[in-house]
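These notes are about the structure you will find just below.
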Amino acid sequence: MREDGVYAAMVRRGMTRRTFLRFSAAMAAALSLPAAYGPRIAKALEAAPRVPVIWIRGQACGGNTEALLRAANPTAANLLLEVLSLDYHEELLAVAGADAASPLAGLASRYPNGYYAVLEGSFPTGAAGAYCLIGGRPAVDVAREVATGALLTLAVGSCAVDGGAPAAPGGITEAGGIGKVLTGGNFIALPGCPANPSNLAAVIVHQLVAKETMPTDLAHRPLAFYGNLIHNQCERRPHFEFGEFALEWGDQGAQRGWCLYKLGCKGPETMANCPDVRYGEKISWNVSSGVGCIGCHSPSFWGAMGPAYRRLPSPLPFLPNLTTDLVGGAMVAGIGGVAVAHGVGMTIRFKRYKAQDRRAKAKAAAEAASATETPPTAEPEAAAGTETAAAGTGER
Amino acid sequence: MAAIPHHVDLNPPSEVTGESIGSMPIYVWEVPVRATHWLIVTSIVVLGATGLYIHAPYLVPSKPVDASSVMASVRFWHEIFAIVFSLSVAFRFYWGFVGNSFASWRQIIPHRREQFYWLGQMAKYYTFRRRHPVPYTGHNHLAGLAYTVVSIGLFAQVLTGLLLFGWIMQAGPIHLLFGWGSAVPGGIQTVRLLHNILTFLFLAFAIHHVYSAVLVDIEERNGVLSSMFSGYKNIKIGQTVEALGLVGEAPEETAREHEVDD
Ligand code: SF4
């Protein structure tokens, strides 16, 4: 056991061995590992050092911090005071003024063994970064400085990952996520609105225990958390398969806990472990609470997953209230209408040609009769059937 | 064919001046063409009905039900017929290279000047500016153009379907090959939107397709409707654009086409 380590800090704060083991088991679960890994994680954590964390917040609502403060297993206290050594976080700092900013000055000399950087919120680059300042400097510059020197950078929350709401269509601050801060790919993305603090803790525990970064997908999201569909883990899934859907908010189906698919749930489109880890001291997540998933763990979800209460976006982005049913239905009805109108036109035209033919034929017959006094030989029926063929011969 | 054959007008003036020439049944649609056609028709009907249910479940019980897994069954049949549909489309595509000249991609995809000329003539017919449809043994080139567009739609529907399947199945061979739905611009929602819109495209096409077939059948009396069952069309020998050598690669090929009429 090391004196400056995670376990020592926990013991100092009066944590029992039992609680510590429970914490380790929770981490194993969050990492999608079998329960047998709990003791191994505990063993590794005993020897692990605490990590200094610098938490930089750009344009954001603070939801990720809120979620962090309501974390369970580990609780916020566990996480902030024992696993991490959260040296800088604007909302949670006790000090103010120049003292508050001191951890940001001379990061390299202050943390010779390195530190982790956590970025929350988006970073605006419009107006030379003036939309969001930290201690009078553009937030994007501060974040770049911190993230470049870090052992590992975590982009926590959708805003930090891809710009989130401030970067959604219509935004004016030219905000972006970690892509505006770091050029390389050495970071872990934990999108979500908010990201789940259990996942954040698990990333760090994994880093401490396994001494390597978690396997991620192409969008830098750890596969352990973002590798399965919400829909495949949802507690309402049996109602989905049984065709039992809530049709309106608060209707009979909703009261029975039926599936929220028809109310626009994006669970079938979203990769996340919300049904497993849940939020608010592990009490609930939105589908449990009776609102569909809005796909907040998906890339650029403000643009890509809207509208929140409809299954699909409008097929024409500039007319957002259209639905595919409306457009498609109109298209099918239109083609049907054209077919009917065309059919009527063709019938009229057919009759006109027939009448024309009859007149011409009568005329020809009259001429023939006057010329040779013999009746025409061709049967009208047969002639009608072969008129197509006849012409080509004549012309060829 | 060097020049567009303006000198040949396949527009019979009237039954008064035309001579009566007999027609005979010609074997046009081979078994694989007819089989894939009807398999595709069946699967489009089933896939359309089940797909629209999956899109917006229209059967919702008013009270809890026991053991009637509607959505599960609908999805099961959607997937079964998706396999039938994909294989039929794939086989018809293959047959476009090995089948007879009427099934060949050469007659379906307009790519030669003559073909565009006759395509324009057919468009004139549909817009009331030409009395008779251009007499074809196989597909007319306007229809060919429509099938080219619809075929792109068919492939897109198979691809988006596989992407959605690879998305739901987070493991396995389909996921390995088609697990990149999230890499499509706009994410998986774009894929679903396309899959949904294409459904309506097929419904619209079905209306047009049946209407035109009935129209041409009445107008030409060549039995195009029954030919999709029997394979035989009633053709006035020597009077079709194919027989006159007005389409196709070379006269030899035109000659070869006519060896199939037995
Ligand atoms: S509530 Fe949403 S995630 Fe859950 S089963 Fe229904 S559609 Fe899927």
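Placing unit charges on the Cβ atoms only, positive for Lys and Arg and negative for Asp and Glu, gives region A:228-312 a dipole magnitude near 120 debye about its Cα centre. Each of B:G172, A:L86, A:T270 was placed along the dipole of the protein assembly as shown (beta-carbon charges, centred on the mean Cα), and the one lying farthest toward the positive end is A:L86.
Accessible-area loss of 20 Å² or more (1.4 Å probe, protein heavy atoms, chain alone versus all protein chains) is found in region B:148-180 for B:W167, B:I168, B:Q170. The phi torsions of region A:245-262, fed into the Karplus equation with coefficients 6.51, -1.76 and 1.60 and a -60° offset, translate into couplings of 10, 6, 9, 9, 4, x, 7, 3, x, 4, 5, 7, x, 6, 5, 9, 3, 6 Hz, rounded to whole numbers, with Gly and Pro shown as x.
For chain A, A:C61, A:C132, A:C159, A:C234, A:C259, A:C265, A:C274, A:C293 have no disulfide-compatible partner, since no other Cys C-beta lies under 4.7 Å from theirs.
Each principal axis of the Cα cloud of region A:89-233 was taken in turn, and the coordinate range along them, longest first, works out to 48, 42, 29 Å. Roughly to the nearest percent, how much of the accessible area of region A:6-225 is carbon and sulfur, given a 1.4 Å probe? For region A:6-225, the apolar C and S fraction of the accessible surface comes to 57 percent. Each of A:R349 and B:F97 was given a label point 7 Å from its Cα along the Cα-to-Cβ line. The distance between the two points is 3.9 nm. When only Cα pairs below 8 angstrom with a gap of at least 6 residues are kept, chain A shows a relative contact order of 12 percent. Chain A and chain B together bury an accessible surface of about 5600 square angstrom, both sides counted, with a 1.4 Å probe and no ligands or nucleic acids included. With equal scatterers on the alpha carbons only and no solvent term, can you work out the Debye log10 of I(q)/I(0) for chain A at 0.12 1/Å? The computed values of log10 I(q)/I(0) come out as -0.99.
Other residues with beta-carbon under 12 Å from the beta-carbon of A:A25 carry, at +1 per Lys or Arg and -1 per Asp or Glu, a net charge of +3. Highest mobility in the GNM of chain A, judged by mean-square fluctuation with C-alpha springs under 10 Å and restricted to A:A48, A:A341, A:A96, is found for A:A341. The Kirkwood hydrodynamic radius of region B:22-261, based on inverse pair distances between different Cα atoms, is 20.0 Å. Hey, can you find the accessible area per residue of chain A for me, probe 1.4 Å, expressed in square angstrom? Ligands and nucleic acids excluded, the result is 46 Å² per residue.
Go through A:K43/A:K211; A:K262/B:K63; A:K361/B:K124 and tell me which ones have a Cα-Cα distance over 23 Å in this structure. A:K361/B:K124, as the Cα separations exceed 23 Å there. With contacts taken as Cα pairs under 8 Å at a separation of at least 6 residues, region B:22-261 carries a relative contact order of 27 percent.
Springs between Cα atoms under 10 Å define the GNM used for chain A, and in it the highest mean-square fluctuation of A:R352, A:R256, A:R50 occurs at A:R352. With the convex hull of the Cα atoms taken as the outline of region A:1-135, the averaged projected area works out to 9.7 nm². Taken residue by residue and averaged, Cβ atoms of other chains lying within 10 Å of the Cβ of B:186-198 number 6. Note that region A:281-289 has calculated 3J(HN,Hα) couplings of 6, 6, 7, 7, 9, 5, 5, 4, 7 Hz, one per residue in order, obtained from phi through the Karplus relation 6.51 cos²θ - 1.76 cosθ + 1.60 (θ = phi - 60°); glycine and proline are x.
The values are calculated or read from the model by the stated rules, or taken from the named source; none is laboratory data. All of these numbers come straight from a predicted model, not from anything done at the bench. FYI the Cβ positions are ideal-geometry reconstructions off the backbone, even for glycines, and counts take in every protein chain you see. With ligands, DNA and RNA removed, areas are computed over all heavy atoms of the protein, side chains included. Shrake-Rupley method; radii C 1.70, N 1.55, O 1.52, S 1.80 Å.
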